[in-house]
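Below is one structure; the comments refer to it alone.
The values are calculated or read from the model by the stated rules, or taken from the named source; none is laboratory data. Because the structure is predicted, anything quoted here is derived from the model rather than measured. Note that we place each Cβ from the backbone using ideal geometry, even for glycine, and neighbour counts take in every protein chain shown. Note: accessible area is taken over every heavy atom of the protein model, side chains too, but ligands, DNA and RNA are not part of it. Shrake-Rupley method; radii C 1.70, N 1.55, O 1.52, S 1.80 Å.
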Amino acid sequence: LIQTNRAETALPVLQAALSSAERALPEDHIHRNNVRRKLGECLYQLGRTDEAEEALLAAYAALAAKAGAGHVYTRSTAETLAALYEEAGRAEAAAAWREKS
């Protein structure tokens, strides 16, 4: 995950990177969705959990479809979702995502 003290600096860079990736790469491209994953991690570090969840779920679906559930980016996304749900007190959801990581 992005270091918490660097997340505020990283956020606009990741947002710009995702915007560029969305213009340049197909929707299912692994690099486009890796940027989305990193943006979700950054948002999570900033406590913006609703936005983080949305970005991470979209990234996970695309990464799993393109690279498979065992890919390092896909597993990392599942780990972050598990942590997000655990922190939110959603133990069942956290456990389900831990199984995918």
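For residue 48, which sequence-distant residues (separation of 5 or more, or a different chain) have an amide H within less than 5 Å of its own amide H, given hydrogens modelled in the peptide plane?
Under 5 Å from the amide H of residue 48: no residue qualifies.
Which whole-Hz couplings ³J(HN,Hα) result when phi for each residue of segment 12-25 is put into the Karplus expression 6.51 cos²θ - 1.76 cosθ + 1.60, θ = phi - 60°, listed in order with x for Gly and Pro?
Coupling constants for segment 12-25: x, 5, 5, 5, 5, 5, 5, 4, 5, 5, 5, 6, 9, 10 Hz.
In Å², what does the accessible area per residue of segment 53-101 work out to with a 1.4 Å probe?
For segment 53-101, the solvent-accessible area averages 52 Å² per residue.
Nothing charged except the Cβ atoms of Lys and Arg (+1) and of Asp and Glu (-1): what's the magnitude of the dipole of the chain about its Cα centre? Round to the nearest 20 debye.
So the magnitude is around 360 debye.
Share of the chain's accessible area from carbon and sulfur, percent, 1.4 Å?
Percent of accessible area from carbon and sulfur atoms in the chain: 49.
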